[in-house]
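What follows draws every value from the coordinates through simple rules; no lab data is involved. Note that the structure is a prediction, hence the values are computed from the model and not measured. Every residue, glycine among them, receives a Cβ derived from its backbone with ideal geometry; neighbour counts consider all protein chains shown.
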Amino acid sequence: MEQKDLFRELGQIRSLMEKSSKFVSISGLSGVLMGCYALVGTLLGYYIIHQPESTALLLGQNLNRPLLFLLIALIVLLSSLVTGWLMARKKARKNKQSIWNITSKSLLFAVSIPLLTGGVISLLFFVQGYYQLIATMLLIFYGLALTAGSIYTFAEAKGLGILEICLGLIGICFPEIGLLLWGLGFGVLHIIYGFIVYKKYES
């Protein structure tokens, strides 16, 4: 019994150390919702590409398609950020934790460098007219951000990051399917990741 108690206490200590060194307020359900937002954005992009006449009738003949794609991407990004922050705050309050601590600051710093770099490169590609490569760049640098930040949050984030990078590299070889890969990476994979996190850590 004493040995079992010792192992149990060691397990509890290890669990407390992991919680103190990792940002675990990220909600799995927010990942699912982010994936849904991305899928909606992908479907809208697909409609704009393959139904140009209908899109022109709805939004006008002088429609700037690249700007419309940028607007859709920004709406998806903003919706995802707001959802992630609100649900993380709710989860942190439920667990009586602070959402803004040394671990979350470290996580933010780790992901911000690749995200900002990818954002700047994608914006430069947009200005130069290299539209087909933007989706792949976003996937690659988002994957790099996830792998960099995985040491401060759930281990599953690293696997998701590697898959995102792989999709981005495929997109470089086949830029014509960039939108499809974008939907697969930010949509389908995010939904699967969110579901796994929810079932493993929250349910």
Label point distance in nm, Trp100-Leu81, each placed 7 Å from Cα along Cα→Cβ: 1.6
Whole-Hz couplings from phi, Karplus 6.51/-1.76/1.60, listed for the stretch 156-163; x for Gly and Pro: 4, 4, 5, x, 4, x, 5, 5
Along principal axes, Cα extents of the stretch 63-137, largest first, whole Å: 48, 25, 14
Peptides 84-97, 173-186 ordered by average Cβ neighbours within 10 Å, highest first: 173-186, 84-97
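What FRET efficiency comes out for Leu70 versus Leu29 if R0 is 45 angstrom and r is the Cβ-Cβ distance? Round to the nearest 0.05.
Working: r = 28 Å, r/R0 = 0.62.
For Leu70 and Leu29, the calculated efficiency is 0.95.
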Members of Lys158/Lys200; Lys96/Lys200; Lys91/Lys158 lying beyond 18 Å, as alpha-carbon distances in this model show: Lys96/Lys200; Lys91/Lys158
Efficiency of FRET from Cβ geometry, Ile49 and Val127, R₀ 30 Å, rounded to 0.05: 0.90
Per-q log10 I(q)/I(0), the stretch 57-203, q = 0.11, 0.15, 0.17, 0.18 Å⁻¹ (Debye; single scatterer per alpha-carbon; no solvent): -0.48, -0.84, -1.04, -1.15
